[in-house]
1. Can you find, within segment 97-127, the residue that is nearest to the chain's Cα centre (by Cα) among those that are small (Gly, Ala, Ser) and modelled with pLDDT under 90?
2. For Arg102, state whether it is in contact (Cβ under 8 Å) with a residue 12 or more places away in the chain and surrounded by 12 or more Cβ atoms within 10 Å (Cβ to Cβ).
3. So which of Val5, Val15, Val43 ends up being of a type in the set (A, V, I, L, M), in contact with a strand residue (DSSP E or B) (Cβ under 8 Å, 6 or more places away or on another chain), open to solvent by less than 70 Å² (accessible area, probe 1.4 Å) and farther than 23 Å from Ala98 by Cβ?
4. Against the definition (surrounded by 20 or more Cβ atoms within 10 Å (Cβ to Cβ), at pLDDT below 90 and of a type in the set (D, E, K, R)), how does Arg35 come out, yes or no?
5. Of these, Arg27, Arg11, which one is touching a helix residue (DSSP H, G or I) at 6+ places or on another chain (Cβ under 7 Å) and either at negative phi or among the basic types (Lys, Arg) (or both)?
6. Find the residue count for segment 73-121, including only residues that are under 20 Å from Pro39 (Cβ atoms), of a type in the set (Gly, Ala, Ser) and touching a strand residue (DSSP E or B) at 6+ places or on another chain (Cβ under 8 Å).
7. From Ile152, Ile136, grab the single residue that is free of Cβ contacts under 8 Å to residues at least 12 places away in the same chain and surrounded by 13 or more Cβ atoms within 10 Å (Cβ to Cβ).
8. Restricting to segment 59-82, give me the number of residues that are in contact with an Asp or Glu (Cβ under 8 Å, 6 or more places away or on another chain), at pLDDT 85 or above and open to solvent by less than 20 Å² (accessible area, probe 1.4 Å).
Amino acid sequence: MIDKVAPTDARVLIVGSNGTGKELVARNLHQKSPRSAAPYIEVNCAAIPSELIESELFGHEKGAFTSAIKQHKGKFEQADGGTLFLDEIGDMSLAAQAKVLRVLQEKKLSRVGSDKDITVDVRVLAATNKNLKAEIEKGTFREDLYHRLSVIVINMPTLDERKSDIPLLVDYFIGQI
């Protein structure tokens, strides 16, 4: 699946439990893509407080808020020409989801504290361990963003569902040790 999808610019939603290798899939998609020489930027949406996520993703202008002592390029700008991996997208606030949706639709963003639009060319990969369809039903995830992100869905099975991989993993880790 990675070999088929990597050469395209299609957005990919990687779904699976913790520890199933979602991040490895995203990195592989980037490495095998025409964007491989451009930046690969990862953002763990669960690790960034909701009040900081917009500044982290879209950047900010000097003076936009108290601690904004200089201009900051956000992750979308840093990934321009390359790939942005939004890990744990299901943990992102609804307000940030709306702004991510705008960037996906228009390929433009504005930094916090600015009214100027900046055009970006970014392939977005996203991952989650949540059932986003259930989150949509609960009203905690935007359905329109789900459809934008899930152009291609890669489901990552647990190790329990792919026992034949265990000998390969044992050999790999023995080689590492």
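The values are calculated or read from the model by the stated rules, or taken from the named source; none is laboratory data. Keep in mind that this is a model prediction, so the values were computed, not measured. Cβ coordinates were reconstructed from backbone atoms using ideal geometry, including for glycine residues, and neighbour counts include every protein chain displayed. All accessible areas refer to the heavy atoms of the entire protein, side chains included, with ligands and DNA or RNA removed. Shrake-Rupley method; radii C 1.70, N 1.55, O 1.52, S 1.80 Å.
1. Applying the first criterion (small (Gly, Ala, Ser)) to segment 97-127 yields 98, 110, 113-114, 126-127.
Narrowing the set further to residues that are modelled with pLDDT under 90 leaves 110, 113-114.
Values: Ser110: 19, Gly113: 24, Ser114: 24 Å.
Among those that are small (Gly, Ala, Ser) and modelled with pLDDT under 90, it is Ser110.
2. No.
3. Val5
4. No; evaluated as a whole, the condition is false for this residue.
5. Residue meeting the stated conditions: Arg11.
6. 3
7. Numbers: Ile152 fails: free of Cβ contacts under 8 Å to residues at least 12 places away in the same chain.
From the options Ile152, Ile136, the qualifying one is Ile136.
8. Residues in segment 59-82 being in contact with an Asp or Glu (Cβ under 8 Å, 6 or more places away or on another chain), at pLDDT 85 or above and open to solvent by less than 20 Å² (accessible area, probe 1.4 Å): 2 in total.
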